[in-house]
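First the structure, in the form of structure tokens, and then the observations on it.
Derivation of every value follows stated rules applied to the coordinates shown; laboratory data play no part. This is a predicted model, so every value here is computed, not measured. Cβ: placed from backbone, ideal geometry, glycine included. Neighbour counts: every protein chain shown.
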Amino acid sequence: MNTKSLLLSLVASLTLVSLAQAEDTTVTISDVHLCCGKCVADVNKIVAKVDGATGIADKTAHTIVLTAASAETVQKAVDALVKAGFYGKSNNDGIKINSETGAKGEKVQTLKIANVHLCCGSCVKGANKAVAGIDGAKVNADKTTQIVEITGPDKATVQKAADALVKAGFFGESSDPSIKMVANTGAKGEKMQTLKIEGVHLCCPKCVKAVHQALKTVPGVTADTAQKNADSFTVTGDFNDTDVFAALQKAGLTGKEVQ
């Protein structure tokens, strides 16, 4: 091969490489949450699963640069990142950051229930677990403030969550007058000498102490048998049953009369 042919061949090869590179699609996604090496590793792992795509995640710049032979492949890589919980801004109008959050533009309902008995981590777990079973509701029980905050898409959902909290033996004051703390205690406002109560949250000695102290404030109550993890306990003396439940609820707890 003479020099002229060699040069023509080299030019042709370079042209083909340039054309191939010109066909590549690159997008830079900025403002991505990349707080640590684990975030970066997760991004690289996600992009690696998209055939034909390559990615460079920069923790310092909080950017991800994606490259592939086609815009379609780059879009698949972006979609995979969003699905995994990463989000940012695309510098390529042809590559969209599509996040189907399910949000409907509706106002979220928030309820704060104050003065709930939350003396320990188990109380917090118990309150959170009680509400966790309500579809659409989210809960945050704060031991320090003794507040349980419930959010939901509508008041009906938040009311169900509040009802679930009461059913689990907790009680408090609702920040929304339209959402009630309804405890069906079974009390009839009658004088009693013995009353058996069930459903009160009693996960630890502090819970038991709270019950003892609450019942000591009830006129006529002489004793109770509340114990840790007890499903029920008995109150004795000469008292009004309504007063017993009122005292428990003031202490952030509730239950119901065993029939």
Which is the longest part of the chain that has none of the GluC sites (Glu not before Pro) sitting in a DSSP loop with at most 12 other Cβ atoms within 10 Å?
1-99
Built amide H within the under 5 Å cut-off of THR222, gap 5+:
THR236, GLY237, ASP238
Could you state the number of Å between the C-alpha centres of the stretch 69-122 and the stretch 168-193?
38 Å
Would you please state the base-10 log of I(q)/I(0) at q = 0.09, 0.14, 0.15 1/Å for the chain, with intensities from the Debye formula using one equal scatterer on every alpha carbon?
-0.62, -0.93, -0.99
Give me the one-decimal nm value for the distance between modelled label points at SER175 and LYS250, 7 Å along each residue's Cα-to-Cβ direction.
2.5 nm
GNM on the chain, Cα springs under 10 Å; top mean-square fluctuation among VAL116, VAL148, VAL47 goes to VAL47
By how many degrees, 0 to 90 and rounded to 10, does the Cα axis of helix 3-23 deviate from the longest principal axis of the chain?
20 degrees
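How charged is the neighbourhood of GLY255? Take every other residue with its Cβ under 11 Å from the Cβ of GLY255, and add Lys/Arg as +1 and Asp/Glu as -1.
Once all neighbours under 11 Å are counted, the net charge is 0.
Just to be sure I follow the definition: excluding the sites themselves, where is the longest run in the chain that has none of the trypsin sites (Lys or Arg not before Pro) in a DSSP loop with at most 15 other Cβ atoms within 10 Å?
Values: sites that count: LYS49, LYS59, LYS96, LYS104, LYS107, LYS143, LYS180, LYS188, LYS228.
That would be 1-48.
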Principal axes first, then extents: for the Cα atoms of the stretch 191-257, list largest minus smallest coordinate on each axis, whole Å, largest first.
29, 19, 18
Using a/c under 1.5 as the rounded threshold, could you call the stretch 167-217 rounded, prolate or oblate? The axes a ≥ b ≥ c are square roots of the C-alpha gyration tensor eigenvalues, and prolate needs a/b larger than b/c, oblate otherwise.
oblate
In cubic angstrom per residue, the convex hull of the stretch 97-145 built on its Cα atoms measures 125 Å³
Subtracting the Cα-Cα distance from 0.36 nm times the residue separation, let me have the gained length for LYS206 to THR145 in nm, one decimal.
20.3 nm
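Quote the relative contact order of the chain in percent (integer), defining contacts as alpha-carbon pairs under 8 Å separated by 6+ residues. Mind showing how you got there, number by number?
On the way: 489 pairs, mean separation 36.8, N = 259.
With pairs under 8 Å counted, the relative contact order is 14 percent.
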Rounded FRET efficiency, nearest 0.05, which uses the C-beta distance separating LYS89 from ASP51 and R0 of 22 Å:
0.30
Answer with one residue from THR145, VAL208, GLY85: the one whose Cα lies farthest towards the positive end of the charge dipole of the chain, charges on Cβ with Lys, Arg +1 and Asp, Glu -1.
VAL208
Simple spin-label estimate for THR110/LYS129, 7 Å along Cα→Cβ, in nm, reads 2.8 nm
Which three extents, in whole angstrom, do the alpha-carbon atoms of the stretch 109-174 cover along their principal axes, largest first?
29, 18, 16
